[in-house]
C-alpha cells in the first residue's frame, strides 16, 4: 500500500497526465463515449499545432488517441513544456470556464484523434451529467498540482534537483504496472528534458554527465537509463 501511494503521489507531480491517473480516482474515460456524436472529430499528425499562444478555442478537446503537450514559449525562443496529456483525457478545460486567451501553445506529440466540443455544447453536457463535471474538476485539480510542483522546482530547487525530480517521477510512471527488472528506460532526449525543466540543453547535458559520473544513470540514443533510482530520489528531495 505504501508503494502504491508513493507511485500515485509522484505520478501526479509528473508532467505526464494520462488516464491511469483518473482511473486511480475512480473515473473512466468511457463516460465520454455517448457524447462523441455531439463533438467534431479531428485527426492531427505529430508536430501539428492544436492551437497557438493567444488563441481562445472556446471549447475543449477529448483525446481519443495520441498525445498533446502544452508549451510556454519565451521571448528568447526557449520552450517550457508543462504538461503532456495522453489518450482518455481532456485538454483545454479552462477555455470552457473563462473567456481569456491561452498563454501557451498545444502541439501534437503522437498522431492523434481528437473530439472537439464547443463551449455551449460542453456547458449543456455539464448541466446534466455530474460524472462529466467530476471528470473535468478532478482533471483540473491534478493539473493544478502538477503546475504547483513545477513552480516549486523553479523557485526552490536548483537545476540538478529539478532534473532529478522529473526523472524520478518518470521512474514512478514507468513502474506503475509493476516492478521492472534491470534499468528503467526513459525515452527522452536532452532537449526534451531541457524543455521540461525550462533550461538550456547544454546545462541539462552537463547535469546528466554528472549523474552518469556518480553512477545514477546512463544515456544513449535519446534514452535515459536509470541505474540507481534511490540515489536519484535522494538528490531530487535533499
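What follows is calculated from the coordinates using simple rules that are stated; it is not laboratory data. Remember, predicted model here, so these are calculated numbers, not experimental data. So basically every Cβ, Gly included, is an ideal-geometry build from the backbone, and we count neighbours across all protein chains shown.
In table form, for the structure just shown:
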| quantity | calculated |
| --- | --- |
| For the range 32-105, convex hull of alpha carbons as volume per residue, Å³ | 93 Å³ |
| With Cα atoms, 0 to 90° folded angle of helix 2-11 axis to the chain main axis | 70 degrees |
| Stretchable slack from residue 78 to residue 97, in nm (0.36 nm times residue separation minus alpha-carbon distance) | 3.9 nm |
| Pairwise FRET efficiency - residue 37 versus residue 237, Cβ, R0 = 45 Å, nearest 0.05 | 0.45 |
| Per-q log10 I(q)/I(0), the chain, q = 0.10 Å⁻¹ (Debye; single scatterer per alpha-carbon; no solvent) | -0.49 |
| For the range 68-120, convex hull of alpha carbons as volume per residue, Å³ | 89 Å³ |
| Pairs of alpha carbons in the range 158-236 whose separation is greater than 21 Å (percent) | 16 percent |
| Estimated inter-spin distance, residue 48 and residue 137, nm [label 7 Å along Cα→Cβ] | 3.4 nm |
| Inter-label distance for residue 110 and residue 176, nm, one decimal - labels placed 7 Å from Cα along Cα-to-Cβ | 1.2 nm |
| Inter-part distance where the range 167-238 and the range 16-50 are each reduced to a Cα centre, Å | 28 Å |
| Distance between modelled label sites at residue 130 and residue 218, nm, 7 Å Cα→Cβ extension | 5.4 nm |
| Span per principal axis, largest first, for the Cα atoms of the range 36-177 (Å) | 47, 36, 28 |
| Mean Cα-pair separation over length for the chain, i.e. relative contact order, pairs under 8 Å, 6 or more apart, % | 22 percent |
| Computed E for residue 151/residue 191 - FRET, C-beta separation, R0 30 angstrom, nearest 0.05 | 0.85 |
